[in-house]
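The values are calculated or read from the model by the stated rules, or taken from the named source; none is laboratory data. Just so we're clear, the structure is a prediction, and the values are computed from it rather than from any experiment. Glycine gets a Cβ as well: all are built from the backbone with ideal geometry, and neighbour counts include every protein chain shown.
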Amino acid sequence: MEREKKTNSEFIIDALHTGRELRSPEITRKVAEDSGKNIKIQDIASILAKLSNSEKCDLGFFIQKQKTHKGYTYSLVPDAVNLPAEALYDLTRKTGKNRYTLEHIIAEHPELKRYVKSSRMKNRTVKQSSKRARKPAAASASEARQTRISGNAAENGPSDQALQALIARLIEEVSYQGGLNINVNLTVRFAGIDTSEPS
C-alpha cells in the first residue's frame, strides 16, 4: 500500500534515484515537477545538506557530494541506485515500525558496506546490543558476583568450577551482545629466580 503524500526528502531521493549527478537547481526543478508544489532552492539545499551528512542521516553514507566549477553535484553511489525507493526513504528516518535500517541494508547488500565507516557500524552495533541486553546483562552480572562469592567461600581463591562458570557466563554475555573488545594487562612475578649477574 503506497502512501498518498510524499515528503520533500522523498521527492529529493526520487530525483537522486535516477543515478545521475544533479545540482541543487536541477533537483529543485524535478521536485517541483513531481510534487506539483512551488519549492524554493534554499529549502532543497537545506534538506540536501541534511540528507548528505552521514552524521545526521544514514542515507548520507550513500550520497556522493562533489564540488564542481558550478557548485556541488549530488548522486547516489552506483551500488545504491538499485535499492528500492522505500528502503532509501527509511534511511532518513530515526524511528518507525518495521523501517529499513542501515544494518538491514548492509546485511542484504554487503557491497554497500564499503561506503560506511567501520567505526560507525561498530558503535551502532554496541549501542543497539546494549539497549537490547540491559536486563539479561544485569542478571548475569549478579550471577557472576554470586559465583565469585561462592568460589571465594570454598577456598581463599576461586575454585576451578567457579572460574569456569564465570568465564562461561562472560562468553555467553559477549556472544549475546555481538562481540566485545577487551584489553588485558598481565603482570607476572616469578619467585625463586635469581636475576643477579654471575660474578
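Observations on the model:
- Some residue of the stretch 24-47 being of a type outside the set (A, V, I, L, M), touching a Cys at 6+ places or on another chain (Cβ under 7 Å) and in the same structural domain as Ile105 (by TED's automatic domain parsing): no
- Residues of the stretch 95-116 that are surrounded by fewer than 15 Cβ atoms within 10 Å (Cβ to Cβ) and over 18 Å from Leu76 (Cβ atoms): Thr95, Gly96, Lys97, Asn98, Glu103, Ala107.
Every residue, every condition in (1) in a helix (DSSP H, G or I); (2) at pLDDT below 75, yes or no:
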site: Ala107; (1), (2): yes, no
site: Lys113; (1), (2): yes, no
site: Ala139; (1), (2): yes, yes
site: Gly151; (1), (2): yes, yes
site: Val188; (1), (2): no, no
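- Pair list, Cβ < 8 Å and 6+ apart or interchain, from the stretch 10-33 residues that are in contact (Cβ under 8 Å) with a residue 40 or more places away in the chain and more than 15 Å from Leu59 (Cβ to Cβ) to residues that are outside any helix (DSSP H, G or I) and charged (D, E, K, R): Arg23/Lys70
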